[in-house]
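The values are calculated or read from the model by the stated rules, or taken from the named source; none is laboratory data. None of these values were measured; they are calculated from a predicted model. Every residue, glycine among them, receives a Cβ derived from its backbone with ideal geometry; neighbour counts consider all protein chains shown.
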Amino acid sequence: MKTTALLATSLALSAAAVEAQEVTLKAVTSFAEKTTYSRPFERFIERVNQDGKGLIQINYIGGPKAMPPFEVGNALKGGVIDIANVTGAFYTNVIPEADAWKLTERPMTELRKNGGYDAMAALYAQKMNAIFLARLVDNNPFHLYLNKPIAGPDLTGLKLRITPVYRDFFQALGATVVQTAPGEVYTALERGVVDGYGWPITGIFDLGWNEKTKYRVDPGFYAAEVSVLVNKTTWDKLTDAQKNVLRKAAERGEAEAVAEFGAENAKDTKRQADAGIQTIKLDGAAGATYYAKAYQSGWDGVIRQSPEHGPKLKELFSKPK
Ligand code: 173
């Protein structure tokens, strides 16, 4: 009798031990380590590794030196990595609709309630075998940066560095475009291969682009998105306790993004002016045309890429009319 009880106890203990075994997930960021668009993710990792002791840990492999940014989506889909910090424009080859995050005019708190998040999450599960865990960058507009002045919303004759974020908009205004990863922007500017580039309001100092930038065009447009994705096969194998460690760090990060980037935007706007970068401000009708064209061409592009899901995403993401 006693032996049986002991045996049962030790079996229960070893089952608990198996269940509680710590897992380690492999993570990559698509932006240079310790720069503007990797920092929120690095904070996320610190929190998981702090909170997840004995349960779940993240092994941070690194940034573009470890994996080219435009390959991160496929690597996550295939389970080569378990977690990624990446923006939708970098993996439109896997899920074309991902680039639509840039067009959100509502905060994530609202998109998580109105069906916008759910619509995207379903596509991530289907097309990418991924969980869209948290958006860590929001409230952060893109801008056009130039080395030649413009007089209005006409980019004819200019050659601009892009990602899918800016393609339809800059082309609609007459520009010629060339796609590069962020790591190639400095050299492209230095060699005069491009006359300018698209990038958000923050982060141009990270890789020294300020040295090769004369003008920023205002207004900004869209909302930069960088998010944490998890391979769904990996996710499905986690226990609830392990998932909760990730969920908690994800919720904190997403909740911080709007205020965090609000402050960063103000800081970098001033820093750019202090560095002698001049503002070309398109105001009045010119500014309104420019801004409206950004959204119109952006949505046209999303709907062209995804006639099936684009119109619904437009309805859920756009500012209520
Ligand atoms: O310009 C880019 O490389 C780009 O698309 C992007 C997206 C989100 C944040 C920063 C850059």
query = Among the residues of region 142-150, is any more than 15 Å from the ligand (Cβ to nearest atom) and without any contact (Cβ under 8 Å) to a residue 24 or more places away in the chain?
reply = no
inquiry  = Condition first: within 16 Å of the ligand (Cβ to nearest atom) and either in contact with a Ser or Thr (Cβ under 9 Å, 6 or more places away or on another chain) or aliphatic (A, V, I, L, M) (or both). Now tell me which residues in region 36-70 satisfy that.
reply    = T36, Y37, S38, F41, E42, G63, P64, M67, P68, P69, F70
inquiry  = Name the single residue that is farthest from Y222 (Cα to Cα) among those in region 169-195 being away from the ligand (no atom under 13 Å from the Cβ), in contact (Cβ under 8 Å) with a residue 40 or more places away in the chain and assigned to a helix (DSSP H, G or I).
reply    = L189
query = Does Q296 fit the bill of being within 24 Å of T163 (Cα to Cα) and either among the acidic types (D, E) or modelled with pLDDT of 95 or more (or both)?
reply = yes
ask   = Going by the structure shown, is A224 in a loop (DSSP other than H, G, I, E, B), under 24 Å from the mean Cα position of the chain (by Cα) and buried (at least 21 other Cβ atoms within 10 Å of the Cβ)?
value = yes
message = Can you report the number of residues in region 73-107 which are in contact with a Leu (Cβ under 9 Å, 6 or more places away or on another chain), over 23 Å from Q242 (Cα atoms) and either among the aliphatic types (A, V, I, L, M) or surrounded by fewer than 19 Cβ atoms within 10 Å (Cβ to Cβ) (or both)?
response = 6
request  = Just name the residue that is nearest to the chain's Cα centre (by Cα) out of those in region 151-168 that are among the hydroxyl-bearing types (S, T, Y) and either assigned to a helix (DSSP H, G or I) or within 10 Å of the ligand (Cβ to nearest atom) (or both).
outcome  = T163
remark   = Contact list, first residue from region 235-256 and of a type in the set (S, T, Y), second anywhere and at pLDDT below 95, beta-carbon distance below 9 Å, six or more apart or interchain, is T239/E19; T239/A20
query = Looking at A32, A84, A75, which one is in contact (Cβ under 8 Å) with a residue 40 or more places away in the chain and part of a loop (DSSP other than H, G, I, E, B)?
reply = A32
key: Conditions (1) part of a strand (DSSP E or B); (2) without any contact (Cβ under 8 Å) to a residue 12 or more places away in the chain; (3) of a type outside the set (V, I, T); number of the one not met by D218   = (2)
